[in-house]
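Written out below as C-alpha cells is the structure these notes cover.
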Amino acid sequence: MPTLSPAERCTGCGACASVCPRGAIRMLPDRLGFDAPQVDKTLCVECGGCSRACPALAPLSRRAVPEQVWGLRADDAALRERSSSGGAFGLLARRTLAEGGRVFGAAFDEHGELIHREAGDEASLAPLLKSKYLQSRAWPAYPRVRQLLRQGTPVLFCGTGCQTAALRRALGPLADSDKLLCVAVVCHGVPSPQLWRSYRRWRERRQHAAMTGIDFRAEPGGICLRASFADGSSARYGGWSDPYVRLFLSDVSLRPSCSRCTARLDGSGADLTLGDFWGAEDCLPDLAAEGPGLSLAVPQTERGRKALEAILPQTRWAAAPAAEALRANPSALAPAPEPPEALAFRRGWGPWPFPVLAAGPGFPARARAAAGWLLEKVRRNR
C-alpha cells in the first residue's frame, strides 16, 4: 500500500489522486464530510507517485517573506463591488484573459457544490471573484491546467495555500512554466462541504424555498451572508450572529489539518498571495480612509511581482512594511491553534440537522437544540 498523509494532516488537496497513473486513488468524503483519498488495492502498483506529490508529506521549499507588501484598490468601482476586497484578483484575471489565457478559481456549480471552475471570459469569471468559506474541490482542475500549459496557454490558478502547493506538486516540471501564475488566498481554514449542505438545508426549511445563490461577503468589512431563494426572496445573515459563520470564525468547524497547515505564506508555492488588508488604517491610513475594500498583495516570486506591477496602473496603491502589515493578518503566516471545542464538535457529528451541530459542545446544549428541532418538526407535520 502507498504511504499517504495521516488523516489529521491530510488537506484533501487531491494531488495524490491527480498523479496516480492507474486511477487507484479516489477522493471521497470522510465522516466529517471532508474529501480524503481512498486507495483501490486492486489497481495500485505502489509506484510511490502519490507520496511524492503529497504536500503534507513533502512540503515545498520555504520562501522568505518579502520586506514589503502592497495595499491596492481597483479603480473600477463595478469590479470592486463584485469582489471581496479591493479587486486585485479580478484585475489579474482580466489580464490573463486579455492574453488569451484561462482562470481557475472556486465557484458553486448547478448543484450547489463548490468546485474549481475554468473561466475564459468576463461572464464566466464573475462567479470566481468573491470569497467562499468552505472547502472547494480543486483537484479535478489539475489535469486541465496541465493540458493548457502544454498547449502554451497562460493560466492563472487561485486557491488556498494547500491547493496551490498541491497544483505545483501535481504539475511536476510544468509548475515552473512561465505561462502559470499561482495565486494563494490568505486562508483562515475551511469547513466541510457536508456542514455547508446541512446549513443550507436548514436555511431552506426555514425559508420554505430552495437556496439559489449565496454571497459570503454581501457587505464590506467582514463576513456577511446574503442568500437568494427560488421564490424570489432573499435574506441577510450577519457575522457572529449566524451559526455557520460563528463556527467558522471560532475555528470549531475547520478541517483538522488546518491547525497544522504548512502551506501558509512561505510554504504555498504561490507566486503571489492576496487577502483583505486588515489593519490598513494603521500602516496605510490615507489609502484606508478612501473607503472599504482594500487588497493585501504579497509577491513571492519575480513572476508574481511582475504580474502585480502590471495591474498597479489600474489601482490606487501604496507599499507597506511586511512586518507591520502582517501583524494584523496573522492567518497569512501561521494557522490558528485548534480550540478544545473543535474536538467536542467533531465527536458529536452524526445524522442531526444543523441547529443541533451548531448548538455548542456538550450534551445539555445539544439536547436542548434537538428537543427544539423535534418539536418544530412535529408542529410542521400537524
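The values are calculated or read from the model by the stated rules, or taken from the named source; none is laboratory data. Since this is a predicted model, take the numbers as computed values, not measurements. Neighbour counts are summed over all protein chains in view; Cβ atoms, including those assigned to glycine, are modelled from backbone coordinates with ideal geometry. Each accessible area value is taken on the protein alone, full model and side chains, heavy atoms only, with ligands, DNA and RNA left out. Shrake-Rupley method; radii C 1.70, N 1.55, O 1.52, S 1.80 Å.
Taking 0.36 nm per residue of sequence separation and removing the Cα-Cα distance, the GLU113/ASP286 pair yields an extension gain of 58.3 nm. Measuring r between the beta carbons of LEU333 and ASP30 and using R0 = 25 Å, the FRET efficiency lands at 0.35.
The lysine pair count for the chain, using Cα distances under 30 Å and pairs eight or more places apart or on different chains, is 5.
Over the Cα atoms of the stretch 251-362, the radius of gyration divided by the Kirkwood radius equals 1.11; this is the Rg/Rh ratio.
Rank these by accessible area, largest first, 1.4 Å probe: ARG347, ARG316.
On the way: ARG347 180, ARG316 115 Å².
Final ranking, largest accessible area leading: ARG347, ARG316.
Through the Karplus equation 6.51 cos²θ - 1.76 cosθ + 1.60, θ set to phi - 60°, convert the phi angles of the stretch 313-322 into ³J(HN,Hα) values in whole Hz; use x for Gly and Pro. Coupling constants for the stretch 313-322: x, 9, 9, 9, 9, 7, 8, 9, x, 4 Hz.
Taking the Kirkwood radius as Rh and the Cα radius of gyration as Rg, the stretch 51-152 has a ratio of Rg/Rh equal to 1.00.
Residue by residue, the stretch 159-167 carries 3J(HN,Hα) couplings of x, 5, x, 5, 6, 5, 4, 5, 4 Hz when phi is fed to the Karplus relation 6.51 cos²θ - 1.76 cosθ + 1.60 (θ = phi - 60°); x denotes Gly or Pro.
Projecting label points 7 angstrom from Cα along Cα→Cβ for ALA64 and SER51 puts them 3.4 nm apart.
Kirkwood Rh and Cα-based Rg: tell me the resulting Rg over Rh for the stretch 216-312, rounded to two decimals.
Working: Rg = 17.2 Å, Rh = 16.5 Å.
Answer for the stretch 216-312: 1.05.
Each Cα pair under 8 Å and six or more residues apart adds its sequence gap; the mean of these over the residue count of the chain is a relative contact order of 20 percent. Simple rule: put +1 on each Lys or Arg Cβ and -1 on each Asp or Glu Cβ in the chain, find the dipole, and look at ILE223, CYS44, ALA175; the Cα lying farthest toward the positive end is CYS44.
Given the C-alpha atoms of the stretch 1-109, compute the convex hull and give its volume per residue in Å³.
Numbers: hull volume 21.0 nm³, N = 109.
About 193 Å³ per residue, rounded to a whole number.
Per DSSP H run of n ≥ 4, the term is -39500 (n - 2.57); total these for the chain, divide by its residue number, and report the mean residue ellipticity at 222 nm rounded to 500 deg cm²/dmol. Walk me through the numbers before you get to the answer.
Numbers: 16 runs with 128 residues, N = 382.
About -9000 deg cm²/dmol.
When the Cα positions of LEU4, LEU125, SER85 are compared along the charge dipole of the stretch 1-146, LEU4 comes out farthest toward the positive end, with charges on each C-beta of Lys, Arg, Asp and Glu.
Could you tell me the calculated FRET efficiency between GLU204 and GLU8, based on Cβ-Cβ distance and R0 = 41 angstrom, to the nearest 0.05?
Working: r = 33 Å, r/R0 = 0.80.
Taking R0 as 41 Å, the efficiency between GLU204 and GLU8 is 0.80.
Springs between Cα atoms under 10 Å define the GNM used for the chain, and in it the highest mean-square fluctuation of ALA98, ALA334, ALA280 occurs at ALA98. Rounded to the nearest 10 square angstrom, LEU4 shows an accessible area of 50 square angstrom against a 1.4 Å probe.
Calculate the dipole size of the stretch 116-244 relative to its Cα centre from +1 charges on Lys and Arg beta carbons and -1 charges on Asp and Glu beta carbons; express the result in debye to the nearest 20.
Values: 19 positive and 10 negative charges, 93 e Å.
Using Cβ point charges on Lys, Arg, Asp and Glu, the stretch 116-244 gives about 440 debye.
With only the Cα atoms considered, the stretch 67-110 has a convex hull volume of 127 Å³ per residue. Residues of the stretch 270-300 falling in the label zone of ALA218, defined by backbone nitrogen less than 20 Å from a point 7 Å along Cα to beta-carbon, are 292-293. Ranked from largest, the principal axis spans of the Cα set of the chain equal 63, 58, 38 Å.
Here the calculated FRET efficiency for GLN147 and GLU309, from their Cβ-Cβ distance with R0 = 30 Å, stands at 0.55, rounded to the nearest 0.05. Under a 10 Å cutoff between Cα atoms, tell me which one of PRO330, PRO193, PRO37 has the largest fluctuation in the Gaussian network model of the chain. Result: PRO330 has the largest fluctuation of those listed.
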